[in-house]
1. Please verify whether GLU102 is in contact with an Asp or Glu (Cβ under 6 Å, 6 or more places away or on another chain) and farther than 19 Å from PHE156 by Cα, treating the condition exactly as stated.
2. So THR168 fits all but one of (1) β-branched (Val, Ile, Thr); (2) within 18 Å of the chain's Cα centre (by Cα); (3) closer than 25 Å to TYR271 by Cβ; what number is the exception?
3. If ALA183 meets every condition in (1) surrounded by fewer than 21 Cβ atoms within 10 Å (Cβ to Cβ); (2) hydrophobic (A, V, I, L, M, F, W, C); (3) under 25 Å from GLY93 (Cβ atoms) apart from one, which number is that one?
4. What about ASP197, is it within 15 Å of THR256 (Cβ to Cβ), acidic (Asp, Glu) and buried (at least 17 other Cβ atoms within 10 Å of the Cβ)?
5. So for the range 87-95 (the condition being more than 20 Å from the chain's Cα centre (by Cα), in contact (Cβ under 8 Å) with a residue 40 or more places away in the chain and closer than 18 Å to ILE185 by Cβ), does at least one residue qualify?
6. How many of the residues making up the range 133-144 are without any contact (Cβ under 8 Å) to a residue 60 or more places away in the chain and under 15 Å from MET104 (Cα atoms)?
7. Which residues, counting only those in the range 51-67, are under 22 Å from TYR254 (Cβ atoms), assigned to a helix (DSSP H, G or I) and of a type in the set (Asp, Glu)?
Amino acid sequence: MKRLSLIILAVMMVLDICAQEKENILSEGLKVMSYNIRLGSADDKTNSWALRYTATEEMLKDQAPDVFGVQEALVYQVAFIEDICGYESVGVGRENGKKEGEHMSIFWNKKTVKMLKWGTFWLSETPEKPSKGWDAECFRTATWALMKDKKTGKKFYFVNTHLDHKGTEAQKNGLKLIVDRIAEINPDGLPMVLTGDFNIEPKNPALKDLDARMQSARKIAVKTDDHATYNGWGKSSTMIDYIYVSGFSSCPEYQTVTKRYEDRKFISDHYPIFARLIF
């Protein structure tokens, strides 16, 4: 009887160690996020920025991404994340390359990540200057950064974008431009993260070139979900936000962040999406 008890105790200890190892795997790595914050000037009534900015702060404290890309952020929303939430950022307003218009900013935690260099290009036939491309309704940009993970010393690239919501040629050619630029800025094949609101669903043929170069974190993660990312304040349900990766050894976790913050059902008309990556 005593021997049986010892065997049971040993098995329980092994199971506990396995559980701890699993938890350690989930807690390590580079934590990244994509978040369409919903532009602060929108007339969203009870969902206006003035009523939900503290929920964004609470979400960032809870999820604690090392690096994340936002879409639709106006200059005062960028300043809020920097000043109140404690992140550093790079990015420009899409209208004039300075402060005007929506920013596709990249934010990082300076305790865990170091910025090395960065840039912005427009999704158009003239990518080096503010411009509207193909059949796009709006000016669209991509922000890129070469960064260093302080925990591992590994360098990686992070790219953040927002494709047009109407122009199908702009969506297709904008993604192709991003894929080409990724190859151009990263000739050594360093690990790469691409985040964004693509405004297209997963089966759209415009994703073909990207799928050939990178992998969707949602598809390859050990722990994942298949939840819609655009909620339209409860009036819609589509999957149009993405995290794509290449050069990482694994992706233990992907999640669509549907949790309530500040007891708000929605902190934006898009859910943030999160991934944990291992070099």
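The values are calculated or read from the model by the stated rules, or taken from the named source; none is laboratory data. As the structure is a prediction and not an experimental result, all values here were calculated from the model. Glycine also receives a Cβ, built like all others from the backbone with ideal geometry; neighbour counts cover every protein chain displayed.
1. Answer is yes for this residue.
2. Going through (1) β-branched (Val, Ile, Thr); (2) within 18 Å of the chain's Cα centre (by Cα); (3) closer than 25 Å to TYR271 by Cβ one by one, THR168 breaks only (2).
3. Evaluating ALA183 over (1) surrounded by fewer than 21 Cβ atoms within 10 Å (Cβ to Cβ); (2) hydrophobic (A, V, I, L, M, F, W, C); (3) under 25 Å from GLY93 (Cβ atoms) leaves (3) as the failure.
4. Considered against the rule, which asks whether it is within 15 Å of THR256 (Cβ to Cβ), acidic (Asp, Glu) and buried (at least 17 other Cβ atoms within 10 Å of the Cβ), ASP197 comes out as yes.
5. no
6. Total satisfying the criteria: 6.
7. Within the range 51-67, GLU58, ASP62 qualify.
One line per residue, one yes/no per condition, for (1) modelled with pLDDT of 95 or more; (2) of a type in the set (Ser, Thr, Tyr):
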site	(1), (2)
ALA19	no, no
ILE25	no, no
LEU30	yes, no
ILE37	yes, no
ALA42	yes, no
THR46	yes, yes
ALA50	yes, no
